[in-house]
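Step one of this worksheet: look at the structure below.
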Amino acid sequence: GENVEQHPSTLSVQEGDSAVIKCTYSDSASNYFPWYKQELGKGPQLIIDIRSNVGEKKDQRIAVTLNKTAKHFSLHITETQPEDSAVYFCAASIFGGSNYKLTFGKGTLLTVNP
Amino acid sequence: DVKVTQSSRYLVKRTGEKVFLECVQDMDHENMFWYRQDPGLGLRLIYFSYDVKMKEKGDIPEGYSVSREKKERFSLILESASTNQTSMYLCASTQGSYEQYFGPGTRLTVT
């Protein structure tokens, strides 16, 4: 089955700096890669996703890049703010499959220091 | 707005007890999931259901069972709770897209 590795497990940045979280996946059939943000006391929430026919996707201060050859994708957050502090999870799946199952990475605790 | 609710935010049970965790979604989603979340281990899929009365094992089904009698409700059952089942349990649902909508979680402590 799919295996998703996520690094780093913790990341601390100063407000205004950029943050990068990296993930690798094992199943070359995977073609859908979402990122979820989990704030304290809440369930994870989708913030951005990318499919394998696209190399990069941006949404305001967040962007995701995908390297299919290397089986590697990354989340980039620019101009970080204290409200970006949360746990971030990457995931992988086969879009078009019948059960919408996601395999998650182990998460990154991002702390943005004011 | 999609809403996924879980019956309890915090639960304390004794070893050997039968435990029911309930999840309800209000968007007529076909697919529902149960995960457990542990520090350093991320989100691990226990069971999922893609239709009423249909279920499939996830990555860590041992010690758990599920029930889906109605489309909106998906229950996780710990037949005989053990201390290694102390964890955060998250329910999620999705329909026709890959965005999974999560509930707030139930923190279960087994003593």
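The values are calculated or read from the model by the stated rules, or taken from the named source; none is laboratory data. The model shown is predicted, which means the values in this text are computed figures rather than measured ones. Cβ: placed from backbone, ideal geometry, glycine included. Neighbour counts: every protein chain shown. When the accessible area is computed, the model is the full protein with side chains, heavy atoms only, and any ligands, DNA or RNA have been set aside. Shrake-Rupley method; radii C 1.70, N 1.55, O 1.52, S 1.80 Å.
Within the range A:1-12, how many residues are surrounded by fewer than 12 Cβ atoms within 10 Å (Cβ to Cβ) and not small (Gly, Ala, Ser)? Can you show your working first?
Residues of the range A:1-12 that are surrounded by fewer than 12 Cβ atoms within 10 Å (Cβ to Cβ), as a first pass: A:1, A:3, A:10.
Among the residues that remain, those that are also not small (Gly, Ala, Ser) are: A:3, A:10.
Residues flagged as surrounded by fewer than 12 Cβ atoms within 10 Å (Cβ to Cβ) and not small (Gly, Ala, Ser) within the range A:1-12 amount to 2.
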Just the residues that are facing another protein chain (nearest Cβ under 10 Å), in contact with a Leu (Cβ under 6 Å, 6 or more places away or on another chain) and modelled with pLDDT of 95 or more, please, taken from the range B:98-111.
B:PHE102, B:GLY105
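Go through B:PHE33, B:PHE20 for me and flag whichever is touching a residue at least 24 places away in the same chain (Cβ under 8 Å), closer than 15 Å to B:LEU90 by Cα and open to solvent by less than 60 Å² (accessible area, probe 1.4 Å).
The unique qualifying residue is B:PHE33.
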Extreme residue, modelled with the lowest pLDDT, among residues of the range A:92-114 that are surrounded by 16 or more Cβ atoms within 10 Å (Cβ to Cβ), more than 7 Å from every other protein chain (Cβ to nearest Cβ) and under 30 Å from A:GLU79 (Cβ atoms):
A:ALA92
Inside the range A:43-58, the number of residues satisfying the requirement of being more than 12 Å from A:CYS90 (Cβ to Cβ) and modelled with pLDDT under 95 is 7
For the subset of the range B:36-64 comprising residues that are over 25 Å from A:TYR88 (Cα atoms) and at pLDDT 95 or above, which member is most open to solvent (accessible area, probe 1.4 Å)?
B:GLU62
Taking the range B:52-111 and keeping residues assigned to a strand (DSSP E or B) and without any contact (Cβ under 8 Å) to a residue 24 or more places away in the chain leaves B:MET54, B:LYS55, B:GLU56, B:LYS57, B:SER65, B:SER67, B:GLU69, B:LYS70
Just one of the numbered conditions (1) more than 10 Å from chain A (Cβ to nearest Cβ); (2) among the polar types (S, T, N, Q); (3) in contact with a strand residue (DSSP E or B) (Cβ under 8 Å, 6 or more places away or on another chain); (4) open to solvent by 20 Å² or more (accessible area, probe 1.4 Å) is not true of B:GLN95; which one?
(1)
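Report, by residue number, each residue of the range A:34-45 that is surrounded by 18 or more Cβ atoms within 10 Å (Cβ to Cβ) and facing chain B (nearest Cβ under 10 Å). Don't jump to the end; show me each part of the working.
Going residue by residue through the range A:34-45, those that are surrounded by 18 or more Cβ atoms within 10 Å (Cβ to Cβ) are A:34-38, A:43-44.
Those that are surrounded by 18 or more Cβ atoms within 10 Å (Cβ to Cβ) and facing chain B (nearest Cβ under 10 Å): A:PRO34, A:TYR36, A:GLN38, A:GLY43, A:PRO44.
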Restricting to the range B:81-92, what's the tally of residues that are surrounded by fewer than 21 Cβ atoms within 10 Å (Cβ to Cβ) and either of a type in the set (Ser, Thr, Tyr) or farther than 12 Å from B:GLN37 by Cα (or both)?
5
Here's a check for you: in the range A:13-24, which residue that is open to solvent by less than 80 Å² (accessible area, probe 1.4 Å) and part of a strand (DSSP E or B) is nearest to the other protein chains (Cβ to nearest Cβ)?
A:CYS23
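What residue, of A:ALA63, A:ALA70, is touching a His at 6+ places or on another chain (Cβ under 9 Å) and either away from chain B (no Cβ under 14 Å) or assigned to a loop (DSSP other than H, G, I, E, B) (or both)?
A:ALA63
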Given the conditions (1) within 14 Å of chain B (Cβ to nearest Cβ); (2) surrounded by 21 or more Cβ atoms within 10 Å (Cβ to Cβ), every one holds for A:ILE77 apart from (1)
Have a look at B:SER75, B:SER67 and point out the one that is more than 14 Å from every other protein chain (Cβ to nearest Cβ), modelled with pLDDT of 95 or more and open to solvent by 20 Å² or more (accessible area, probe 1.4 Å).
B:SER67
